[in-house]
Amino acid sequence: MNVALNLNRKRSRLALESDDDDDEQQHQQNRRPELSPSLSTFSDTSLKRTKTESELDALDVIAPEDAWSVDTGSILTSHTLPSAPGSGMEPHNNVAKYAPDSSIIVLCVQGNLELHYDLLCSILPDLYLLSPSLQALVLCRDPSRHTPSTSTSFSLPLIQAFGPNYNHFGRLGLLVLPFGWGAGRHANTAAGRTVQNRLMDLLKSCVQLLAQE
């Protein structure tokens, strides 16, 4: 398969501040006159908002020739379940429209965090409009015991990430959407809606770019 989102065609680029930059910022803050409580709160809030926006602005899709190459075939042939036994979740897949040479694959790499799974499921109709043969899948440690969400009613196919001779987590490199780190660590905070919208817009842009190739 030569078109695969998150895998062998696209990656994210995230600019992170160094520890030296953080130390310098702290040094500068220590030299400033003490502010009143109300002004200090406003300043802290503005700083956090500005930093979050900067991290979001730094997210982008890199050129295909710089992308991490991954063998999607080995992932697709790994042990897979439509849903975890006893989870009560309705299986959902788009396998009937799968095209080996052209289907875009969106992998939701999941541990305990549910937010990115719920967001992916919420925009699936939009992604299918952009790419009717798109395949959305979950990569997890143990499909037989994995419940991807407690708020979404259906389960995408669950692929086992570890096996006797493979470790798909170790082969993936960087993910397109950095949930849990970088800008993505703000996704379930008070400012989370802005972050969520930005990351989902990026995902849709990636799919649109790939679909046009």
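Read the figures in this text as sums done on the coordinates, not as results from a lab. All of these numbers come straight from a predicted model, not from anything done at the bench. Reconstructed Cβ throughout: ideal geometry from the backbone, glycine too, with neighbour counts over all protein chains shown.
Sequence-distant or interchain residues sharing an amide H contact under 5 Å with Cys108, placed H: which?
Leu137, Val138, Leu139
With the alpha-carbon atoms as the only input, what is the per residue convex hull volume for region 60-121 in Å³?
Convex hull of Cα atoms, per residue: 148 Å³.
Near Pro85, within a Cβ-to-Cβ distance under 14 Å, what is the net charge of the other residues, with Lys and Arg +1 and Asp and Glu -1?
It works out to a net charge of -1.
Using every pair of alpha-carbon atoms in region 57-169, split the distances into 10 Å bins beginning at 0 and state the percent of pairs per bin, rounded to integers.
Taking every Cα pair in region 57-169, the percentages come to 13, 43, 36, 8, 0.
In region 60-212, if the dipole is taken from +1 on Lys/Arg beta carbons and -1 on Asp/Glu beta carbons about the Cα centre, which of Ala67, Ser87, Pro157 is farthest to the positive end?
In region 60-212, that residue is Ser87.
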